[in-house]
1. Please give the strands (runs of 3 or more DSSP E) falling wholly within the stretch 100-156 in which 2 or more residues are under 22 Å from residue 83 (Cα atoms) and open to solvent by less than 50 Å² (accessible area, probe 1.4 Å).
2. Could you grab me the full set of residues in the stretch 50-62 that are at pLDDT below 95 and surrounded by fewer than 17 Cβ atoms within 10 Å (Cβ to Cβ)?
3. Any chance the stretch 437-448 includes a residue that's touching a Gly at 6+ places or on another chain (Cβ under 7 Å), in a loop (DSSP other than H, G, I, E, B), at negative phi and among the small types (Gly, Ala, Ser)?
4. How many residues are assigned to a strand (DSSP E or B), on the phi > 0 side of the Ramachandran plot and at pLDDT 95 or above if we restrict to the stretch 280-326?
5. Just give me the residues in the stretch 356-376 being outside any strand (DSSP E or B) and open to solvent by 40 Å² or more (accessible area, probe 1.4 Å), in sequence order.
6. Considering only residues of the stretch 29-49 that are among the hydroxyl-bearing types (Ser, Thr, Tyr) and modelled with pLDDT under 95, which is least open to solvent (accessible area, probe 1.4 Å)?
7. Taking residue 133 as the residue in question, decide whether it is of a type outside the set (A, V, I, L, M, F, W, C) and free of Cβ contacts under 8 Å to residues at least 40 places away in the same chain.
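The values are calculated or read from the model by the stated rules, or taken from the named source; none is laboratory data. Note that the structure is predicted; figures quoted are calculated from it, not measured. Neighbour counts are summed over all protein chains in view; Cβ atoms, including those assigned to glycine, are modelled from backbone coordinates with ideal geometry. All accessible areas refer to the heavy atoms of the entire protein, side chains included, with ligands and DNA or RNA removed. Shrake-Rupley method; radii C 1.70, N 1.55, O 1.52, S 1.80 Å.
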Amino acid sequence: MKRFGIAWLICAVLALGSCTDDWTFSASLRYGLGFSADTVRFDTVFTGVASASNGFMIYNTNDVGLRFDALMGGGTSSPFRMNLDGEGGAVITGLEIAAGDSLFCFVSVNIPETDTPALFDAFDSIRFVLESGTVQAVRLSACGQNVVRLRSKRIESDTVLTARLPYIIFDTLHVAEGATLTLEPGVRFYYHNNAVLDVAGRIVAQGTLDSMIMMRGDRLDNMLSELPYDLLTGQWGGIRLRSGSYDNKLEWCDIHGGNWGILADSADADRTKLTMISSIIHNVNGNGIETTGCRIEVANSQITNAGVSCVDLTGGWAEFTFCTIAGFSLWSVGSQAVIITDRRGESVVPFLGASFRNCIITGRHETEFIPLFTDSIAKSAPYSVSNSYLTVKDTADARYSNVVFEDREHEVYGAYNFVDHSMRGYSSVFALDSLSVARGIADTLSVLLPIDLAGVPRPPSGADAGCFQYQPSVR
């Protein structure tokens, strides 16, 4: 019985010891918390709009547990909010963290509006008060930006929007028939999920080289640590030009991250539907430019990484000059970069002509330029590609003149024509590599487009194809 009693006592002590190792709490000054960061920073956030959650880890590397309270420095008036162990508020009391354990502290920010157009900073801190009286802190900082909010907005008469503040478009910005919406240089449109610019009237968006007009999604946070949502497709809808919409002008515009780029409904091909100069359409789920029976002119522009086709033309008339049209989306294999046809479903749409001059047309497919016509006009369809770099399998078409055809046996082909080709799915810069075979093949039309999309002068002869003139400094 004596031996049994000693064994029982040893087991009880061991059990008690194993429990107290994890759940003995100390108020000694010698113990403190550890943090994964001393500062939590938020990049630019729109005022009046709650940010996505950020945060940090709280560690207890000691061999005893600790009790503490968490207090927001600015109290309930702070723009920052915290959530710890499922509990939120400006003051969270009675928190416990066992020996060797950790907690995640979620932080978000919602900055009130001010009367300033400039970016401004917001600061606070979370103070951790231990049972011992020790106080530790993690700093919080954010950059605020006031915005104009547009919900179900209809432009019923001629309207000019300035660049004083950016705009968040929550659903549809509708330009009514007979109205013209003019965007001044530097205007920034941030579209909420599936929001669209729907134009029944007219859009005139004329930025400048130094003050481009931007249209993108409204998420300013990251999906992954080094992958912002701004570089993803499908963050908003796109631009739709209705049937009665004509004389639309886009100049020095950057349009990216949508479900599509520009969708132009069936129109009168004798009237100009769209003129787009020195602009970008990049990283969209569907087509970059899709037209039906329209007349469009596109010059000095980049249409890249569409999930379907970069350019899809059904009927009508189109002219592309000094354009880089490239399909290297990371999110979709996609269709060919350019499709021209006189058929939309079961309907035949009169095809008046298409011209691609001094362009780059490339992608992952063996053929990136697809003429697809009804038998009656297949041999005589009025299209041409000249002084361009072209990815096609069949090079015998007489409508190709002074064309450099892609050679996949050559050390430079496809995406290798561009700087940093490995990042083509993310970047919106398709600057030419020094070895690109698109260099020096353009005709003298450069005198009408004397600078490229980056503002670099083009020589009067021997310019490079595409929207960018080669620059040694671009890497």
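1. Filter on the stretch 100-156 gives 102-109, 120-130, 135-145.
2. 50, 52, 53
3. In the first step, residues of the stretch 437-448 are kept if they are touching a Gly at 6+ places or on another chain (Cβ under 7 Å); the result is 438, 440.
From what's left, in a loop (DSSP other than H, G, I, E, B): 438, 440.
Still in the list and also at negative phi: 438.
Those left that are additionally among the small types (Gly, Ala, Ser): 438.
Yes, the stretch 437-448 contains at least one residue that is touching a Gly at 6+ places or on another chain (Cβ under 7 Å), in a loop (DSSP other than H, G, I, E, B), at negative phi and among the small types (Gly, Ala, Ser).
4. Number satisfying all stated conditions: 1.
5. 364, 365, 366, 375, 376, listed by residue number.
6. 47
7. So residue 133 does not fit the description; no.
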